[in-house]
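Below is one structure, written out as structure tokens; the observations come after it.
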Protein chains: 4
Amino acid sequence: MDLPALQQQLRDFVAARDWARYHTPKNLVMAMSVEMAELVEHFQWLTPEESVALAQVDAKRDLVEQEMADVLLYMLQLADVMNVDIEAAILRKMKLNAIKHPPKV
Amino acid sequence: MDLPALQQQLRDFVAARDWARYHTPKNLVMAMSVEMAELVEHFQWLTPEESVALAQVDAKRDLVEQEMADVLLYMLQLADVMNVDIEAAILRKMKLNAIKHPPKV
Amino acid sequence: MDLPALQQQLRDFVAARDWARYHTPKNLVMAMSVEMAELVEHFQWLTPEESVALAQVDAKRDLVEQEMADVLLYMLQLADVMNVDIEAAILRKMKLNAIKHPPKV
Amino acid sequence: MDLPALQQQLRDFVAARDWARYHTPKNLVMAMSVEMAELVEHFQWLTPEESVALAQVDAKRDLVEQEMADVLLYMLQLADVMNVDIEAAILRKMKLNAIKHPPKV
């Protein structure tokens with residue numbers, strides 16, 4: 001996935017709509033948390049088994065995918081305005097997690 | 001960013017800790033929403049200007065980056081268990097957004 | 001506010017719709033977090049000043065009120081199924097907060 | 001529950017700490033959503049049955065109660081700064097819900 005290219009496209013999208021003034025880190029994070037809840041909403045009344053089965057139903061998975069994308073689009077924009085290297089952040093956190101949670105023997 | 005390689009690493013990480021039984025889509029989404037709120041927490045009392053300035057303070061941006069990574073790690077795992085192609089989902093949503101929100105002339 | 005009477009009404013409402021089986025604490029908390037985000041949504045792009053001014057616009061405050069009520073209705077139901085005394089919980093937390101955050105002199 | 005008395009106590013608490021300038025509706029809603037996620041966190045990895053059983057374990061229910069109270073304390077403060085009558089809002093929403101979701105026959 002070419003993150004810088006996606007982020008450039010998003011910057012152009014935002015500029016063409018004159019939305020940049022709304023895109024403070026604070027607002028992007030709030031908007032992302034709202035999209036996250038729209039993702040949660042699809043699962044709120046499901047049993048664990050139903051939540052597993054949902055991925056097999058194309059029409060439902062499709063809706064979930066869109067919510068996942070909404071979260072990620074704000075994440076890419078947040079990273080962009082904050083100058084965060086997403087890939088480096090992920091790799092670093094995986095190393096920290098491996099230390100924090102040693103594997104069971 | 002090589003998503004399939006990251007997802008394979010995460011699968012191995014989860015298997016080594018015997019956590020897969022907890023990783024239903026429902027639980028992953030819940031856990032992701034909790035990490036999202038930890039990201040929100042860094043910004044809750046800031047003015048818009050302070051939220052912009054935060055990215056300039058390395059120690060603070062570092063903490064924010066870690067919360068961003070936590071959200072993304074669960075997102076990668078959710079995509080993996082649901083067989084969602086993240087890149088395709090993002091590209092598709094960008095097209096839908098361009099239709100939903102036509103640019104200002 | 002007569003909480004036990006409200007909770008009895010909600011129990012009757014849920015029973016009449018055969019929803020009790022969905023109302024595990026886990027699901028109620030998830031659903032409440034979704035309603036919370038609908039409350040957040042009203043404020044996501046506002047400046048601090050606009051968020052203060054919103055309360056003066058009846059039509060907007062009305063919508064915010066409804067989201068607040070949605071969160072509270074799930075909270076009353078969660079307290080009911082978990083046998084939590086909301087008023088006691090609030091009073092106890094206020095005492096803990098007073099110790100945790102001593103007033104500035 | 002005497003809401004106006006609680007809200008007066010919270011106003012005094014906030015004034016004594018010089019926090020009122022942080023308490024815009026936008027910030028209160030953000031902070032409330034963070035407390036909500038701390039409530040969610042207690043349930044994220046539980047099965048439905050474990051989430052029901054949690055209420056029987058005093059030490060665990062005690063922690064959940066505290067998170068519930070944290071959400072409610074911000075809700076009381078939001079209602080206060082926005083001049084929302086919480087009880088009226090709840091009663092009105094219950095009527096709207098009864099119309100929106102007619103009982104099963």
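If D:Q7 satisfies all but one of (1) touching a residue at least 40 places away in the same chain (Cβ under 8 Å); (2) more than 14 Å from chain B (Cβ to nearest Cβ); (3) within 22 Å of C:M30 (Cα to Cα), what's the number of the condition it fails?
With respect to (1) touching a residue at least 40 places away in the same chain (Cβ under 8 Å); (2) more than 14 Å from chain B (Cβ to nearest Cβ); (3) within 22 Å of C:M30 (Cα to Cα), D:Q7 is out only on (3).
Of the residues that make up segment D:48-68, is at least one among the small types (G, A, S) and touching a residue at least 12 places away in the same chain (Cβ under 8 Å)?
no
Quick grid of which residues meet (1) open to solvent by 40 Å² or more (accessible area, probe 1.4 Å); (2) assigned to a helix (DSSP H, G or I); (3) in contact with a strand residue (DSSP E or B) (Cβ under 7 Å, 6 or more places away or on another chain); (4) not hydrophobic (A, V, I, L, M, F, W, C):
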site	(1), (2), (3), (4)
C:D12	yes, yes, no, yes
C:A15	yes, yes, no, no
C:S33	no, yes, no, yes
C:V40	no, yes, no, no
C:Q44	no, no, no, yes
C:V52	yes, yes, no, no
C:K60	yes, yes, no, yes
C:E65	no, yes, no, yes
C:A69	no, yes, no, no
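In this structure, does D:Q56 turn out to be exposed (fewer than 13 other Cβ atoms within 10 Å of the Cβ) and either in contact with a helix residue (DSSP H, G or I) (Cβ under 8 Å, 6 or more places away or on another chain) or not basic (K, R) (or both)?
Answer is yes for this residue.
Across segment A:40-78, what is the total count of residues that are under 14 Å from B:T24 (Cβ atoms) and under 11 Å from the mean Cα position of the chain (by Cα)?
So the answer is 0.
Does segment C:17-31 include one or more residues that are free of Cβ contacts under 8 Å to residues at least 12 places away in the same chain, open to solvent by 70 Å² or more (accessible area, probe 1.4 Å) and farther than 29 Å from B:A31 by Cα?
no
Applying the selection to segment A:71-105, what residues are open to solvent by 20 Å² or more (accessible area, probe 1.4 Å), over 18 Å from B:R11 (Cβ atoms) and outside any loop (DSSP other than H, G, I, E, B)?
Result: A:Y74, A:Q77, A:D80, A:V81, A:E87, A:A88, A:R92, A:L96, A:I99, A:K100.
Can you name every residue in segment D:82-96 that is farther than 13 Å from C:E67 by Cβ and either among the aromatic types (F, W, Y) or more than 7 Å from chain C (Cβ to nearest Cβ) (or both)?
Correct list: D:D85, D:A88, D:L91, D:K95.
The values are calculated or read from the model by the stated rules, or taken from the named source; none is laboratory data. Values in this document were obtained by computation on a predicted structure and should not be read as measured data. No Cβ is skipped: glycine too gets one built from the backbone with ideal geometry, and neighbour counts run over all protein chains shown. The area values use the complete protein model at the heavy-atom level, side chains included, leaving out ligands, DNA and RNA. Shrake-Rupley method; radii C 1.70, N 1.55, O 1.52, S 1.80 Å.
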